[in-house]
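Notes follow the structure.
The values are calculated or read from the model by the stated rules, or taken from the named source; none is laboratory data. What you see is a predicted model, and the numbers here were worked out from it, not measured in a lab. Using ideal geometry, Cβ is built from the backbone for each residue, glycine included, and neighbour counts are taken over all protein chains shown.
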Amino acid sequence: MAIPVKLEVFEGPLDLLLHLIDKNKVDIYDIPIVEITEQYLDYIRRMEESDMNVMSEFLVMAATLIDIKCRMLLPKEVNEEGEEEDPRAELVQKLLEYKMYKFMSFELRDRQVDAARNMYREKKLPAEVADYRQPIDYEELMGDMTLNRLHEIFKSMLRRQEDKIDPIRSQYGNIEKDEIDMDVKMLYVEAYAREHRNFSFRKLLEKQSSRMEIIVTFLIILELMKTGKILISQEYIFGDIMITAV
């Protein structure tokens, strides 16, 4: 008849390793890897776990321990600084980090338990206390202040505000950016040229509603002339420019 063995439940492979280290009372910086590996493998042989995801974590750690055990039997490797590398170093670092997080979780759990014991009473003040307002002595508050003195203070504040105003820049208006679509304006000028065939450049500019539209129209005329879509002629200097659509 088999004797039933009740195994302790561990949160993960690192938790089991810490348990074995504490149980054997060994230095975490000098783990007897052979002994700990044998005890670890003995434990997972007796595990009856239906969740393969959990079981796989323990098996990965078992493989890691066996790998470290094999590396311990081989000649020690030397790093770039000429120091011998300990195959257990990475495992020790993980164990120390896990141990720190575990202690922190215990501390947070204790604080949660202590916080659950705190009870607060709702603040309730008597109506006469809540409605109480400290009386104000206006004579003491005013002191030696007079109406003339208040008027002088008010005028000095107005003068300070006026001094902050720049007499030149304050007369400037708001500068707003004209948003003109070049593609739309190009289509407009091309349609105007096809419709009129031969027209005055001055009359075309007179149809524009803003300075920015005049500038954009002038640039479009230069572009159309460059691509050969229009011809430009001028009978005399400073005379009107005539545009002919090709």
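If Ile44 meets every condition in (1) at pLDDT 80 or above; (2) touching a helix residue (DSSP H, G or I) at 6+ places or on another chain (Cβ under 6 Å) apart from one, which number is that one?
Only one criterion is unmet by Ile44, namely (1).
Report the residue count in segment 157-195 for those that are modelled with pLDDT of 85 or more and either out of contact with any Ser or Thr (no Cβ under 7 Å at 6 or more places or on another chain) or of a type in the set (Val, Ile, Thr) (or both).
So in segment 157-195, the residues modelled with pLDDT of 85 or more come out as 183-195.
With the extra rule that they be either out of contact with any Ser or Thr (no Cβ under 7 Å at 6 or more places or on another chain) or of a type in the set (Val, Ile, Thr) (or both), the set shrinks to 183-184, 186-195.
Total meeting the criteria: 12.
Take Thr217 and tell me if it is surrounded by 11 or more Cβ atoms within 10 Å (Cβ to Cβ) and assigned to a strand (DSSP E or B).
For Thr217, the condition - surrounded by 11 or more Cβ atoms within 10 Å (Cβ to Cβ) and assigned to a strand (DSSP E or B) - is not met.
Filter segment 65-100 down to residues that are touching a residue at least 40 places away in the same chain (Cβ under 8 Å) and among the basic types (Lys, Arg) and give me whichever is surrounded by the most Cβ atoms within 10 Å (Cβ to Cβ).
Arg88
Does segment 187-210 hold any residues that are loosely packed, with under 14 Cβ neighbours inside 10 Å and either acidic (Asp, Glu) or touching an Asp or Glu at 6+ places or on another chain (Cβ under 8 Å) (or both), and which are they? Let's see the steps before the verdict.
Here is the first cut: in segment 187-210, the residues loosely packed, with under 14 Cβ neighbours inside 10 Å are 187, 191, 194-195, 197-198, 200, 202-203, 206-207, 209-210.
Within segment 187-210, Glu195, Ser200, Arg202, Glu206, Ser210 meet the criteria.
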